[in-house]
Amino acid sequence: MPNIDPKKLPKHVAIIMDGNGRWAKKRGINRVRGHQKGADTVREIVRTSREIGVKWLTLYAFSEENWKRSKIEIQALMKLLKRFVKSELEEMLENGIRLNAIGRIEKLPEDTKKALFDVIEKTSTNKDMVLTLALSYGGRQEIFDAFKKIGTRIEKGDLKADDISEQLISNSLYTAGMPDPDLLIRTSGESRISNFLLYQIAYTEIHITSTLWPDFGKEEYLAAILDFQERERRFGATSSRE
Ligand code: IPE
Ligand code: IPE
Ligand code: MG
């Protein structure tokens with residue numbers, strides 16, 4: 001692995017996988033073909049993460065706002081997701097990867113949900129890496145859901161307003177129990193967050209590349225990790241290099 005320092009690996013990498021549509025458009029083919037090619041990139045990035053020892057990988061696969069897309073595209077994405085989790089099961093079991101999902105999963109079609117929950121269950125005791133898919137996910141919706149959870153507990157009397165802490169908020173999010181991302185990658189050049197992990201990325205390092213997701217691969221992923229390793233994370237304090 002060229003120059004990657006195993007002691008300074010990001011523990012948690014989150015990725016906004018963007019650009020499938022533009023990749024297809026450039027080739028004059030249907031957007032769905034871009035998503036299909038994007039699934040190959042997912043496989044490569046999961047493998048590479050496992051290989052280098054990234055413990056948590058979170059992929060933004062479908063946002064709450066993506067429900068605004070055409071019915072045809074949504075159906076194709078859901079079918080692709082179903083096929084993807086089924087086809088990856090064996091490799092996930094071999095490599096100790098646990099599948100996890102965050103978002104309003106209940107909104108997914110029944111057959112997609114069934115395939116997803118099946119793989120989540122079958123990989124639930126795996127310990128080497130956690131692959132989290134953000135599906136029907138929105139950061140604001142997640143915060144809204146957390147407020148509701150906390151509010152209900154207060155209403156029931158098992159919590160007081162004074163008990164609310166940063167820890168309690170973290171534990172009320174979909175990502176409860178997960179570390180915050182150290183590195184956030186966005187492909188296809190857009191400089192925005194698009195409602196991803198709003199609370200969790202307070203001190204995450206951001207890496208934006210103009211490469212479209214289907215063209216992203218191992219080499220560029222490793223380069224993004226190298227770039228991360230060269231940064232100095234100060235968390236609001238003064239530089240230790242001074
Ligand atoms: C990302 O690619 C995949 C999803 C959002 C599901 P896009 O479909 O957003 O591709 P562009 O941004 O149109 O190129
Ligand atoms: C963000 O990409 C969501 C996913 C990658 C799943 P979008 O393509 O939906 O984001 P915008 O519309 O460019 O902000
Ligand atoms: Mg996009």
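The values are calculated or read from the model by the stated rules, or taken from the named source; none is laboratory data. The shown structure was predicted, so the numbers you read here are calculated from the model rather than taken from an experiment. Counting neighbours? That spans all protein chains shown, and the Cβs are built from the backbone with ideal geometry, glycine included. Surface accessibility is based on the protein's heavy atoms, side chains included, excluding ligands, DNA and RNA. Shrake-Rupley method; radii C 1.70, N 1.55, O 1.52, S 1.80 Å.
What to note about this one:
- Inter-residue pairs, beta-carbon under 7 Å, first in contact (Cβ under 8 Å) with a residue 40 or more places away in the chain and in the range 61-76, second part of a helix (DSSP H, G or I), 6+ apart: 61/81; 62/77; 64/141; 67/74; 73/31; 73/32; 76/32; 76/35
- Index of the failed condition, residue 227 passing every other in (1) in contact (Cβ under 8 Å) with a residue 40 or more places away in the chain; (2) on the phi < 0 side of the Ramachandran plot: (1)
- Among the residues of the range 132-151, the one identified as of a type in the set (Gly, Ala, Ser), within 26 Å of residue 79 (Cα to Cα) and part of a helix (DSSP H, G or I) is 139.
- Where a residue in the range 166-188 is more than 19 Å from residue 49 (Cβ to Cβ) and part of a loop (DSSP other than H, G, I, E, B) and its partner, wherever it lies, is away from ligand 3 (no atom under 16 Å from the Cβ) and open to solvent by less than 30 Å² (accessible area, probe 1.4 Å), with Cβ under 7 Å and at least six apart: 173/142; 173/146; 174/102; 174/103; 174/142
- Some residue of the range 224-233 being under 15 Å from the mean Cα position of the chain (by Cα) and either under 30 Å from residue 30 (Cβ atoms) or not β-branched (Val, Ile, Thr) (or both): no
- Qualifying residue in the range 217-225 (condition: among the aromatic types (Phe, Trp, Tyr) and open to solvent by less than 50 Å² (accessible area, probe 1.4 Å)): yes
- Residue selected from the range 76-122 under the condition more than 19 Å from the chain's Cα centre (by Cα) and under 12 Å from residue 62 (Cβ atoms), by the criterion surrounded by the most Cβ atoms within 10 Å (Cβ to Cβ): 76
- Residues of the range 209-242 satisfying the condition of being modelled with pLDDT of 95 or more and among the hydroxyl-bearing types (Ser, Thr, Tyr): 209, 210, 211, 221
- Among the candidates 201, 154, 206, the residue that is in a strand (DSSP E or B), open to solvent by 10 Å² or more (accessible area, probe 1.4 Å) and at pLDDT 95 or above is uniquely 206.
- In the range 34-67, the residue that is farthest from ligand 2 (Cβ to nearest atom) out of those that are surrounded by fewer than 16 Cβ atoms within 10 Å (Cβ to Cβ) and of a type in the set (Lys, Arg) is 47.
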